1. If the cut-off is a Cα-Cα distance under 20 Å, which lysines reach Lys15, setting aside same-chain residues fewer than 8 apart in sequence?
2. Can you tell me the convex hull volume per residue for segment 16-100, based on C-alpha atoms, in Å³ to the nearest whole number?
3. Name the longest site-free stretch of the chain, where the excluded sites are trypsin sites (Lys or Arg not before Pro) in a DSSP loop with no more than 14 other beta-carbon atoms within 10 Å.
4. Cα to Cα, under 15 Å, and not fewer than 8 places away if on the same chain: which aspartates and glutamates meet these conditions relative to Lys87?
5. Using a Gaussian network for the chain with springs between C-alpha atoms less than 10 Å apart, which of these wobbles most: Asp62, Asp54, Asp76?
6. Reachable aspartates and glutamates from Lys99, Cα under 13 Å, same-chain residues fewer than 8 places away excluded?
Amino acid sequence: MKTEIVVNQGVEEIKRLCARHALSPMELSLYLHVTWTRIYEVISGKRRITPETDILLCKFFDLTPGYFAQRQLEYDLVIASRSLEEKLKTVPRVYDTLKA
């Protein structure tokens, strides 16, 4: 079975927005007053988009707070579901456990 690659849409959107505005990760980090490594690690997939990072990015790009965090959550849920795939097969639903 071939597993589809999951892409973090929040990270992809950060990359698109930076490209649209001709911003480097270094410039973005300076505008957000965060370390360059923080931005680099987010866009390279080595670090999650935290609520704090989301708020800073949303303020800078004039988006509703939670925009990037929601995409991070969606990504995390797909990854978690895949890692729990076998275990989920053994977990019953509450209605299956109720006694008549």
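1. The reachable lysines, counting only those whose Cα sits under 20 Å from Lys15, are Lys46, Lys59.
2. With only Cα atoms used, segment 16-100 gives 126 Å³ per residue.
3. In the chain, the maximal stretch lacking such sites is 3-45.
4. Result set, ordered by chain and number: empty.
5. Asp62
6. Within reach: none.
Read-outs: derived from the displayed coordinates by stated rules, not from any lab. Keep in mind the model is a prediction, meaning the values are calculated, not measured. Please note: Cβ atoms are built from the backbone with ideal geometry, for glycine as well, and neighbour counts cover all protein chains shown.
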